[in-house]
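The values are calculated or read from the model by the stated rules, or taken from the named source; none is laboratory data. Being a predicted model, the structure only gives us computed values, none of them experimental. Here the Cβ positions follow ideal geometry from the backbone for every residue, glycine too, while neighbour counts run over all protein chains shown. Only protein heavy atoms, including side chains, enter the accessible area calculation; ligands, DNA and RNA are left aside. Shrake-Rupley method; radii C 1.70, N 1.55, O 1.52, S 1.80 Å.
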Amino acid sequence: TGSGDVDTSKVVKADGDGRIRGASGWASLVVGSSWKNPSGEWHVGYKLVYELFTDSLTSRLKKERKKKWDEKNQEEIAKAVMHLDKFEQKHTKVEDPKLKRVRGDLQNRIDILRNQADTYDDKGPVIDAVVWHDGEVWRVALDTQSLEDDTKSGKLADFVPLTNYRIERKYGVFSKLDACTFVVNVYDEGNILSIVTDSSPHGTHVAGIAAAFHPQEPLLNGVAPGAQLISCKIGDSRLGSMETGTGLTRALIASVEHKCDLINMSYGEPTLLPDYGRFVDLVNEVVNEHRLIFVSSAGNSGPALSTVGAPGGTSSSIIGVGAYVSPAMAAGAHSVVEPPAEGLEYTWSSRGPTADGDLGVCISAPGGAVAPVPTWTLQGRMLMNGTSMASPSACGGIALLISAMKAEGITVSPYSVRKALENTSIPVGGLPEDKLTSGQGLMQVDKAYEYVQKSQDFPCVWYQIKINQSGKSTPVRPYCSSQINHGLVRSGIVSWVADPAS
């Protein structure tokens, strides 16, 4: 998203002792003696560390730092009071101008120390960043002494250099106090360093639901243990984790570049126009041309009708997932007052239809889980509920389905997979309007696999139906897919213009 970008365009040279001047200007930095730098050029920059942390982490650090600062400040106040007391015991009458000035100075020290507690404002530590090219890849090191209690810790020379995460898949930790992990990427020939951190615990929780792998404790596994993940940060830390168009576009590009099979997006909000916009156009291209399967949360704005969010509930090429709760889940305190007699949709799970008449929700999956969260939260796992949890649950199930299809040499198509899921889901509720709540129902991975096996030899047709309503120039639902058991047509486009008068 660019929220962790650091300007490292300033280039410096090291002196004979291996020292360089950091961009923050606080002190000279010693580079590691074993670091290779054929050019001898060091790109330097700095960053206010609170700009990288979430609000909750920043709040915790401020409290802990304030507590330590208060302790030191109280010690200094006690020393100042003691010095004044000793002075007054020694000088019972202060008439000499010089002694008056000394006493006034001692009293002023006490006043200043007491008053500065009221004006205390922690802007956060500053970290220095150094980027260089070792002849093969760009390397990064951080000086984090300002974060440590021990002045001997966090020195630049002691940092284990990192490179772009995709190359070596290594990460760093700022300090023991924050316990916040990060990765780096270098752009523009070393002139921009991107320090990537969490914008909330949400992403780790979602990833754990889909693919957590605990060989020693299988009960902690995700739906598809060990599935390979590419994490794309779309939530901008500067905007309270709100996604940006730039972040979304970069994430789609990365998904295509790395030949992903599946995309999960547990993000969304209301939209005025369904199935519309630049991002939706890019999603359609990713699904229809590059054959990725896109799964997304339907939204948490129920139980009213037409509350599905974008993009999960309002984009035709995306599998929108609603949040289901079973009696067993409810008994485990998944935000349900009384366990229901049978499985149902969470009341807050968003409903269809969309403004242009689409169902809105495609399928449903479990909408709550106890799953891993980042270390900086100071807890191993956390309970969360939402369609954000239902979407990775479905995505993990689809990953199992795709894995089985690949193992048997069955062609993977976003259309055949979606058809298998929707045609084999178990309906939730017996009324027709329940489909607006749960879509085709609770997904069944095993039944979907059987469906794919039986239908793998049927030719698949993909087509578009564009319906122009009288007096309106914009088609209202440009997507449909079907599967036929005859003919040789693999794909095609049908344009159907309906005349309201006919």
Of all residues in the stretch 427-457, count the ones that are touching a residue at least 12 places away in the same chain (Cβ under 8 Å), farther than 23 Å from S301 by Cβ and either outside the structural domain of L400 (by the TED database) or not hydrophobic (A, V, I, L, M, F, W, C) (or both). 8
Here the residues within the stretch 305-340 that are touching a Leu at 6+ places or on another chain (Cβ under 8 Å) and either outside the structural domain of Q440 (by the TED database) or more than 17 Å from A355 (Cβ to Cβ) (or both) are I319, Y324, V325, A333, H334
Take the conditions at pLDDT 95 or above and not hydroxyl-bearing (S, T, Y) and apply them to K68. Does it pass? no
With respect to the numbered conditions (1) open to solvent by 50 Å² or more (accessible area, probe 1.4 Å); (2) touching a strand residue (DSSP E or B) at 6+ places or on another chain (Cβ under 7 Å); (3) assigned to a helix (DSSP H, G or I), which one is the sole condition not fulfilled by A157? (1)
Looking only at residues in the stretch 307-335 that are open to solvent by 40 Å² or more (accessible area, probe 1.4 Å) and assigned to a loop (DSSP other than H, G, I, E, B), which one is nearest to I467 (Cα to Cα)? S335
Hey, could you check the stretch 174-189 for residues that are at pLDDT 95 or above and polar (S, T, N, Q) and say which is surrounded by the fewest Cβ atoms within 10 Å (Cβ to Cβ)? T181
Out of everything in the stretch 141-151 that is closer than 14 Å to A27 by Cα and of a type outside the set (D, E), what residue ends up being surrounded by the fewest Cβ atoms within 10 Å (Cβ to Cβ)? T151
All but one of (1) in the same structural domain as V183 (by the TED database); (2) acidic (D, E); (3) surrounded by 14 or more Cβ atoms within 10 Å (Cβ to Cβ) hold for E76, so report the exception by its number. (1)
Is at least one residue of the stretch 48-56 closer than 30 Å to S175 by Cα and among the aromatic types (F, W, Y)? yes
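Residues are listed down the side, and each one gets a yes or a no for (1) touching a residue at least 40 places away in the same chain (Cβ under 8 Å); (2) among the β-branched types (V, I, T):
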residue: D275; (1), (2): yes, no
residue: D281; (1), (2): no, no
residue: V295; (1), (2): yes, yes
residue: S306; (1), (2): yes, no
residue: T314; (1), (2): yes, yes
residue: S317; (1), (2): yes, no
Cβ-Cβ distance below 6 Å, separation of 6 or more or different chains: which pairs start in the stretch 112-129 with a residue that is surrounded by 18 or more Cβ atoms within 10 Å (Cβ to Cβ) and end on one that is of a type outside the set (G, A, S) and part of a helix (DSSP H, G or I)? L113/E76; L113/I77; G124/V49; G124/Y50; P125/V49; P125/L147; I127/V49
All but one of (1) modelled with pLDDT of 95 or more; (2) over 12 Å from S3 (Cβ atoms) hold for V196; state the number of the condition that does not hold. (2)
Suppose we keep only residues that are part of a loop (DSSP other than H, G, I, E, B) and touching a Pro at 6+ places or on another chain (Cβ under 7 Å) within the stretch 367-424. Which one would you say is farthest from P459 (Cα to Cα)? G380
Given the condition without any contact (Cβ under 8 Å) to a residue 24 or more places away in the chain and among the hydrophobic types (A, V, I, L, M, F, W, C), answer yes or no: does some residue in the stretch 372-379 qualify? no
The stretch 337-367 - residue that is small (G, A, S) and open to solvent by 10 Å² or more (accessible area, probe 1.4 Å) and, of those, farthest from T424 (Cα to Cα): A355
One residue is enough: does the stretch 86-105 have a residue meeting the conditions assigned to a loop (DSSP other than H, G, I, E, B), open to solvent by less than 70 Å² (accessible area, probe 1.4 Å) and within 29 Å of R238 (Cα to Cα)? no
Suppose we keep only residues that are surrounded by fewer than 15 Cβ atoms within 10 Å (Cβ to Cβ) and touching a residue at least 40 places away in the same chain (Cβ under 8 Å) within the stretch 19-53. Which one would you say is nearest to I234 (Cα to Cα)? L48
Just to check your reading of the model, which residue among G429, G397, G439 is under 13 Å from A210 (Cα atoms) and touching a helix residue (DSSP H, G or I) at 6+ places or on another chain (Cβ under 9 Å)? G397
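Quick one: count up the residues across the stretch 401-421 that are under 16 Å from C260 (Cβ atoms) and either under 28 Å from the mean Cα position of the chain (by Cα) or among the β-branched types (V, I, T) (or both).
Residues meeting the conditions: 7.
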Report, ordered by the first and then the second residue, all pairs with beta carbons closer than 8 Å, sequence separation of six or more or different chains, a first member in the stretch 140-154 that is farther than 14 Å from A23 by Cβ, and a second member that is at pLDDT below 95 and surrounded by fewer than 13 Cβ atoms within 10 Å (Cβ to Cβ). Q145/T151; E148/K176; D149/K68
Quick check on R60: is it within 30 Å of L48 (Cα to Cα), of a type in the set (D, E, K, R) and surrounded by 16 or more Cβ atoms within 10 Å (Cβ to Cβ)? yes
Whether any residue in the stretch 423-440 is open to solvent by 30 Å² or more (accessible area, probe 1.4 Å), among the acidic types (D, E), at pLDDT 95 or above and in contact with a strand residue (DSSP E or B) (Cβ under 9 Å, 6 or more places away or on another chain) is what I want to check. no
For the condition of a type outside the set (V, I, T), modelled with pLDDT under 85 and either out of contact with any Ser or Thr (no Cβ under 8 Å at 6 or more places or on another chain) or closer than 25 Å to S364 by Cβ (or both), what is the one hit in Q453, Q483? Q483
